[in-house]
Amino acid sequence: MADHIILQVTRYRPERELEPTTQDYEIPLREEWAVLDGLNHVKDRLDGTLSYRWSCRMGICGSCGMTVNGEPRLTCATFLADYGPGPIRIEPLRNFPVIRDLVVEIGDFMRKLPQVKPWLIHREDAAAPEGELLQTPADLDEYEQYSMCINCMLCYSACPIVGLEEGFLGPAAIALAQRYNLDSRDEGAHERMEVLSTAEGVWACTFVGECTTACPKGVDPAGAIQRYKLTAATESLKSFLLPWRSA
Amino acid sequence: MRAKYTEFQPRWYRRRMSVFWWMSRRSYLIFVLRELSSVFVAWSVVFLLLLIRAVSQGGPEYQRFVHWSSAPGMLALNVVALAFVVFHAITWFNLAPQAMSVRVRGKRVARSRIALAHYAAWALLSALAAWLILE
């Protein structure tokens with residue numbers, strides 16, 4: 001194994017350039033180093049002006065997502081040694097405006113996420129529950145996969161529809177809506193449907209499937225969206241055939 | 001040139017998606033071909049309806065239809081259409097398990113089994129159709 005590797009890092013310094021450029025950094029290639037460790041080496045030893053986001057280093061915080069050799073990846077979970085002999089191309093996440101270097105603007109996602117009400121909803125006209133709301137392992141199994149989402153936005157970066165249709169809610173927001181819809185304690189499915197079953201909700205998805213490929217937590221947003229399409233179609237058929245029930 | 005920029009008004013860089021974005025990745029290309037295949041699926045339906053009309057109008061009309069559909073251009077179109085329809089069916093069946101969460105006695109049915117069930121149903125219906133036509 002070579003002892004050094006080149007990182008080709010996208011730089012964008014809005015105060016002095018109109019378009020991003022690429023800068024090469026030669027860093028030590030250590031077997032236990034993730035791409036993020038390589039970037040931290042650059043920041044600490046080679047070039048303190050490089051900007052990027054990171055926090056936990058263990059695939060939980062979801063802030064170190066970048067495009068590594070064209071693929072959306074968590075840089076803390078992507079190892080330099082897997083890209084030998086290099087060079088490794090590191091770009092900001094796609095489909096997001098770039099603020100600086102590898103830092104993207106995520107306001108769009110942050111505005112879309114609360115639209116699907118990703119929290120447990122209890123009907124206001126119903127009595128407050130007495131004691132805990134118990135769940136069986138089977139109840140948990142219904143939604144557990146979707147609860148693994150860490151909002152890293154790799155799925156938004158992988159999805160061409162997100163890039164083409166500005167209004168599309170996007171994979172993670174819909175998967176998180178399903179996380180609550182499928183929760184036996186939740187009563188908000190009806191409210192969420194107003195947002196989800198629209199042209200900018202699930203129906204904008206054309207099932208490219210790349211969100212699921214990109215997801216580092218095995219959430220399967222594409223599956224969540226297709227399942228919801230089935231639910232939404234069934235519900236609208238029901239309200240057409242049994243209009244008195246949907247009031 | 002010095003770009004216009006102040007501390008409080010960062011100028012974001014927005015990368016435009018190329019018109020050829022779907023060529024950049026194999027999965028994107030397969031997706032676009034799958035979307036395109038619906039045109040050929042629609043054509044197959046139209047062709048089938050034309051065939052049924054020709055059959056219902058009797059011998060001479062049917063002969064004219066056979067002659068029309070055996071022209072090289074039409075033959076080529078239908079070969080391409082068949083390829084796309086098969087592609088459409090296969091991608092559809094492969095994606096179906098992702099949209100379905102089936103439980104039998106509380107246990108989730110494996111995705112491969114759901115796909116297999118779809119293929120089995122496809123084969124069965126095709127065999128039934130072949131039997132009806134060829135008998």
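The values are calculated or read from the model by the stated rules, or taken from the named source; none is laboratory data. Since this is a predicted model, take the numbers as computed values, not measurements. Methodologically, a virtual Cβ is constructed for each residue, glycine included, from the backbone with ideal geometry; neighbour enumeration extends over all protein chains shown.
General remarks:
- Restricted to helices (runs of 4 or more DSSP H) entirely inside region A:177-247, those with at least 1 residues that are within 14 Å of chain B (Cβ to nearest Cβ) are A:210-214, A:221-241.
- Of the residues B:Val45, B:Val41, the single one that is surrounded by 12 or more Cβ atoms within 10 Å (Cβ to Cβ) and assigned to a helix (DSSP H, G or I) is B:Val41.
- Of all residues in region A:14-28 being among the acidic types (Asp, Glu) and either surrounded by 13 or more Cβ atoms within 10 Å (Cβ to Cβ) or part of a loop (DSSP other than H, G, I, E, B) (or both), the one that is nearest to the other protein chains (Cβ to nearest Cβ): A:Glu15
- Only one of B:Gln98, B:Gln57 that is of a type in the set (S, T, N, Q) and either touching a residue at least 40 places away in the same chain (Cβ under 8 Å) or within 14 Å of another protein chain (Cβ to nearest Cβ) (or both): B:Gln98
- Number of positions in region B:33-46 that are touching a helix residue (DSSP H, G or I) at 6+ places or on another chain (Cβ under 6 Å) and at the interface with chain A (Cβ under 9 Å from one of its Cβ atoms): 1
- Qualifying residue in region A:47-69 (condition: in contact with a Leu (Cβ under 8 Å, 6 or more places away or on another chain), assigned to a helix (DSSP H, G or I) and under 28 Å from A:Ile161 (Cβ atoms)): no
- Test: residue in region A:144-151 that is of a type in the set (S, T, N, Q), more than 14 Å from every other protein chain (Cβ to nearest Cβ), within 14 Å of the chain's Cα centre (by Cα) and not in a strand (DSSP E or B): yes
- The one condition in (1) modelled with pLDDT of 95 or more; (2) of a type outside the set (Ser, Thr, Tyr); (3) under 30 Å from A:Thr10 (Cα atoms) that A:Pro114 fails to fulfil: (3)
- Matching option when the condition is under 30 Å from B:Gly106 (Cβ atoms) and buried (at least 16 other Cβ atoms within 10 Å of the Cβ), among A:Cys211, A:Cys152, A:Cys159: A:Cys211
- Within region A:6-42, the residues that satisfy the criterion of being among the basic types (Lys, Arg) and under 22 Å from B:Trp12 (Cβ atoms) are A:Arg11, A:Arg13, A:Arg16.
- Residues in region B:102-122 that are more than 18 Å from the chain's Cα centre (by Cα), in a helix (DSSP H, G or I), surrounded by 11 or more Cβ atoms within 10 Å (Cβ to Cβ) and not hydrophobic (A, V, I, L, M, F, W, C): B:Arg111, B:Arg113.
- Residue match in region B:74-88 (condition: assigned to a helix (DSSP H, G or I), within 14 Å of chain A (Cβ to nearest Cβ) and within 30 Å of B:Glu35 (Cα to Cα)): yes
- Per this entry, A:Ala222 is counted among residues that are buried (at least 22 other Cβ atoms within 10 Å of the Cβ) and out of contact with any Leu (no Cβ under 8 Å at 6 or more places or on another chain).
- Residues of region A:168-200 classified as within 16 Å of the chain's Cα centre (by Cα) and of a type outside the set (Phe, Trp, Tyr), total: 11
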